[in-house]
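Input: a single structure, listed below in structure tokens.
The values are calculated or read from the model by the stated rules, or taken from the named source; none is laboratory data. Just so we're clear, the structure is a prediction, and the values are computed from it rather than from any experiment. Here the Cβ is made from the backbone with ideal geometry for all residues, glycine too, and neighbour counts use every protein chain on show.
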Amino acid sequence: MERLRKTPALGTGTPDDGGMSGHDPSQELADLTGAGLLRTLKPLDSPAGPRVVRQDRELWNFASNDYLGLAADAELAEAFIEGVRKYGAGSAASRLVCGTLPPHHLLEEALAAAKGAEAALVFTSGFATAVGSMPALAGKDDVLVLDKLCHASLIDGARLSGATIRVFPHNDTAKLARLLEGIRAKQPAARVIVVTESVFSMDGDVCPLREILELKDRHGALLFLDEAHSFGVLGPRGMGLAAELGLQDRVDFQMGTFSKAAGLSGGYLVTSAAWRDLLVNRARSFIYSTAPPPALAHAAMASLERIRSADGEARRSRLREYIARLSPGHPSPVIPVVLGGNEAALEAAARLEARGFLVPAIRYPTVPRGTARLRISLSAAHPHEAVAALCVGMASE
């Protein structure tokens, strides 16, 4: 069985390009620079949107996860402002003390109803959802089985849980079947949770959900499905891949975020009422964090309504048109162009920026070594001419 520690491509910790150098980080920074892995903050000089300004240059933004174009939407901004007027700027306490305000409760009820589940719980971020939920759901006597390309938050949550961790090659259901069979043979009473994503954030492909559900049911396991990049984008009324396949009622834990298609920030987990109550009592990132601002929860309610509305469907239709134009047959608005080397990806991103396009170079440890890439993110807010121009720009790469 493949253990997490044997898969250095997993996770987003510090690259292993050199050891510590006392109290001075200069050598570590030099090592990162030499490997083409140094990151720097490059602030925008404009609000988020399909057209942004950075360092006095206007660029078409194909870097964000604002798939439906709601981040700069005037109606959503007004809902946020309305929330501030009604409920103030902050929650002032954790949810279990006195930080649960009406918008938090209403949002959780609406999410559960939209996802066809009994209950939902809102967290401060998608990352907090993962690192809080997984240690609450599994412990040292349990087993977590992760897809090798799971997001860093899922990996970190799995590690924090203390559970035994097993990894299967990306979307390899044959290997997953063998792992589950072996785990059950040795640990028949263990809680086993399969962890995967609907849409993988760096490859833009989808998991074989139906096959994974059949395997988890056959071996008495649970499924933790991260729908971060499918929420708002796939399925009837934008409710994700599980909804698209009519399988929502078979997924034990549906995780998601408001920071992608919903245009805001925050995370959630949708599950049964009993599991939700356990999370309230055990998820440390929930218990020991100040509650999300009530205005944010109020705005998230408005975003959920927009996603599920006719306007949301029109935006998804436009997004599907753009995906088909740039990469026919691709299942999501995340389109990778794998170039291999770090410098190759950085140079391609620089050339595109010189032509007026913001397309990020993605490198290790976000993706495995040797798979550095451009990551194109499409948005319904892009005008047709921007997508057409990008197609021309990419043809020369």
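For the range 222-260, residues that are in a helix (DSSP H, G or I) and either free of Cβ contacts under 8 Å to residues at least 12 places away in the same chain or closer than 22 Å to Arg320 by Cβ (or both) total 8.
Quick check, is Pro336 in contact (Cβ under 8 Å) with a residue 60 or more places away in the chain, out of contact with any Phe, Trp or Tyr (no Cβ under 8 Å at 6 or more places or on another chain) and within 30 Å of Gly370 (Cα to Cα)? Taking the combined requirement at face value, the residue satisfies it. Among the residues making up the range 25-68, a single one is assigned to a strand (DSSP E or B) and acidic (Asp, Glu): Glu58. Tell me whether the range 369-377 contains one or more residues that are crowded, with 19+ Cβ neighbours inside 10 Å, outside the structural domain of Phe200 (by TED's automatic domain parsing) and among the charged types (D, E, K, R). Yes.
Scan the range 236-258 and tell me whether some residue there is more than 23 Å from Leu121 (Cα to Cα) and out of contact with any Gly (no Cβ under 6 Å at 6 or more places or on another chain). The answer is yes; a qualifying residue exists. Scanning the range 64-101 for residues being closer than 16 Å to Asp311 by Cα and either in contact (Cβ under 8 Å) with a residue 12 or more places away in the chain or in contact with a His (Cβ under 8 Å, 6 or more places away or on another chain) (or both) gives a total of 10.
Given the structure, is Ser309 closer than 24 Å to Leu223 by Cα and surrounded by fewer than 18 Cβ atoms within 10 Å (Cβ to Cβ)? No; evaluated as a whole, the condition is false for this residue. Among the criteria (1) crowded, with 20+ Cβ neighbours inside 10 Å; (2) closer than 24 Å to Arg95 by Cα; (3) out of contact with any Lys or Arg (no Cβ under 6 Å at 6 or more places or on another chain), the one Ala273 does not fulfil is (1).
In this structure, is Ala350 assigned to a helix (DSSP H, G or I) and either within 16 Å of Asn61 (Cα to Cα) or at pLDDT below 95 (or both)? In short, yes.
Candidates in the range 330-344 are the residues that are within 22 Å of the chain's Cα centre (by Cα) and not in a loop (DSSP other than H, G, I, E, B); of these, the one that is surrounded by the most Cβ atoms within 10 Å (Cβ to Cβ) is Val334. On inspection, Ala92 passes the criterion of being surrounded by fewer than 20 Cβ atoms within 10 Å (Cβ to Cβ) and either in a loop (DSSP other than H, G, I, E, B) or among the charged types (D, E, K, R) (or both).
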